[in-house]
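Colleague: Have a look at this one before I ask anything.
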Amino acid sequence: MIVDAHHHLWRLDRGYSWLDGPELAPIRRDFDPADLRAALRGTGVTHTVLVEAGRCEPAEVAEFLAIAADTEEIAGVVGWVNLTDPGLAETLAANRSGPGGRWLVGTRAQVQGEPDQDYLGRPDVHRGLSTVAAAGLRYDLVVRVDQLPAAATAARAVPELTFVLDHLGKPAIRAGAEGLREWRTAVTPLAGESNVVAKLSGLVTEADWAQWTVDDLRPYVDAALELFGPRRLMFGSDWPVCLLAADYPRVLEVLDTALGNADRAEIYAGTAIRTYGLELS
C-alpha cells in the first residue's frame, strides 16, 4: 500500500491565477478525480491526501471536502486557512461539521507568498496556529528556505500542533552545492523539533525541469532521512504540478531509487496515516 500525502486538483474557472505564467502552460487545464485515477493506475498508490491548490478562498475547502466524500481514493483534505482570521475557530468548526467534514485532516496557508520571511514568527500567526491545534488538525508548511527559521520558531511556540513541512522546504536544487548548504543550514533546527514531519514531495520541480537526474535529488533525500528519519517522512507526488518535470510513475520511481535501503513502509504509508489520522477503507 502507498499513500500519496500531497496532490492537488483544480478547475480553472474557479480562479487559480497562479497558473497564468507562460512556463506553467503544460498544467494550465482542469484536473479532476478522473484524471487522478488515471494517474494512479498501475502505481500501487491506493489512497491520497488532497491539498489546497493556491486559490486561497474558503469556498475551495467546501469543494474539496465534497470531492473527497465522492472519491474513494482521497482519504483526507488539507484545506486553506487564514491564520489571522479572528473567526478562525468558528470557520474550522463549520468545516468539520459540514458536508464531508470528516475528511478535513489539516490546514495550509500560502506562506511562501508572504514577503515577510518572519511571518511565522508573528504572535497573531501563533494564535492562529494554536486554534488549528485546538481543532485537532495539522498544519502544512509551504515555505521558502529563508522562512524555515521562522517555521522552527512557530513549531517551538505551538508544541501541541503537528507541523508538516511540504516539499522539504523548497530547496534551491538548481543551485547545486550552494543550494544544498543553504537549505541544510536552514532546515536542521526545524527538523530538531519533534512535532515536525516532512514530505518527500515537490523535489523534481525545484530541480532543472528539463535536465534533472536522480543524483540531483539524492543529497536532499539522504539529508532528510538523516535529519527526520523514516517515521517523520512521507511520500507526496505534488501531482499535477510535478508534470512540469516528470509524470507520476517517474516521481515514484526516482524516489524509490533515492531511498536506497530506507524504511519504505513508513515513508510510503505509515507516517501519513499516523500524522493525518487517516482512516483507510
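Colleague: Quick check for me: using +1 on Lys/Arg Cβ and -1 on Asp/Glu Cβ, what's the dipole size of the chain about its Cα centre, in debye to the nearest 20?
Modeller: 460 debye
Colleague: Putting +1 on Lys and Arg Cβ atoms and -1 on Asp and Glu Cβ atoms, find which of Val105, Ala39, Ala186 reaches farthest to the positive end of the dipole of the chain.
Modeller: Comparing the listed Cα positions along the dipole, Val105 ranks first.
Colleague: Follow-up question, since we're still on this one. I'd like the Karplus ³J(HN,Hα) series for the range 159-165: coefficients 6.51, -1.76, 1.60, θ = phi - 60°, whole numbers in Hz, and an x wherever there's a Gly or Pro.
Modeller: My calculation for the range 159-165 gives x, 7, 9, 8, 9, 10, 7 Hz in order.
Colleague: Sticking with this one: Taking the highest mean first, how do the peptides 192-204, 262-274 order by number of other beta carbon atoms within 10 angstrom per residue?
Modeller: On the way: 192-204: 22.0, 262-274: 20.4.
Per-residue Cβ counts within 10 Å, averaged per peptide and sorted highest first, yield 192-204, 262-274.
Colleague: Turning to a different aspect of this structure: At 0.36 nm per residue, and after removing the present C-alpha to C-alpha distance, how many nm does the segment from Ala89 to Ser281 gain when stretched out fully?
Modeller: Length gained, Ala89 through Ser281: 66.2 nm.
Colleague: Let me ask something else about it. Give a quick list of chymotrypsin sites (Phe, Trp or Tyr not before Pro) in the range 202-235 that DSSP marks as loop, anything other than H, G, I, E or B, with at most 16 other Cβ atoms within 10 Å.
Modeller: Trp209
Colleague: Name the shape class, rounded, prolate or oblate, that the alpha-carbon gyration tensor gives for the range 217-281, where a ≥ b ≥ c are the square roots of its eigenvalues, rounded holds for a/c under 1.5, and otherwise prolate holds if a/b is larger than b/c and oblate otherwise.
Modeller: Oblate, because a/c is 1.5 or more while a/b does not exceed b/c.
Colleague: For the range 6-52, which chymotrypsin sites (Phe, Trp or Tyr not before Pro) are both in a DSSP coil and crowded by at most 16 other Cβ atoms within 10 Å? All intermediate terms of the calculation are to be shown ahead of the outcome.
Modeller: Values: sites: Trp10, Tyr16, Trp18, Phe31; in loops: Tyr16.
Passing both the DSSP loop test and the Cβ count: no residue.
Colleague: What ³J(HN,Hα) values, in whole Hz, does the Karplus curve 6.51 cos²θ - 1.76 cosθ + 1.60 give for the range 246-252 when θ = phi - 60°, with x put for Gly and Pro?
Modeller: Along the range 246-252, the couplings run 6, 7, 4, x, 5, 4, 5 Hz.
Colleague: So if each residue of separation counts as 0.36 nm, and I subtract the Cα-Cα distance between Asp263 and Asp222, what length gain in nm does that give?
Modeller: 13.5 nm
Colleague: For Leu161, what residues show an amide H to amide H distance below 5 Å, using hydrogens built from the backbone and excluding near sequence neighbours?
Modeller: none
Colleague: Please report, for the Cα atoms of the range 78-201, the Rg to one decimal and the Dmax as a whole number; what are they, in angstrom?
Modeller: Expressed in Å, the Cα Rg and Dmax of the range 78-201 come to 14.6, 48.
Colleague: For Thr107, what residues show an amide H to amide H distance below 5 Å, using hydrogens built from the backbone and excluding near sequence neighbours?
Modeller: Those lying under 5 Å, H to H, from Thr107 are Gly79, Arg138, Tyr139, Asp140.
Colleague: Can you give the translational diffusion coefficient of the chain in µm²/s, computed by Stokes-Einstein from the Kirkwood radius over Cα pairs at 25 °C and 0.890 mPa s?
Modeller: 132 µm²/s
Colleague: Next question. Express as a percent, rounded to the nearest 5, the fraction of DSSP beta bridges in the range 1-106 (both residues included) that run antiparallel.
Modeller: Working: 1 of 11 bridges.
Close to 10 percent.
Colleague: Moving on to the next point. Just want to confirm a number: the relative contact order over the chain, from Cα pairs under 8 angstrom separated by 6+ residues, in percent.
Modeller: 19 percent
Colleague: Could you tell me which residue out of Pro219, Gly128, Gly15 lies farthest along the dipole of the chain toward its positive end? Charges go on the beta carbon: Lys and Arg +1, Asp and Glu -1, centred on the Cα centre.
Modeller: Towards the positive end, the residue furthest out is Gly128.
Colleague: Continuing with this model, one more query. By its C-alpha gyration tensor, with a ≥ b ≥ c as the square roots of the eigenvalues, how is the range 20-116 shaped: rounded for a/c under 1.5, else prolate for a/b larger than b/c, else oblate?
Modeller: oblate
Values quoted throughout were computed directly from the atomic coordinates according to the rules given, and no laboratory measurement underlies them. Please read these numbers as outputs of a predicted model, since none were measured by experiment. Reconstructed Cβ throughout: ideal geometry from the backbone, glycine too, with neighbour counts over all protein chains shown.
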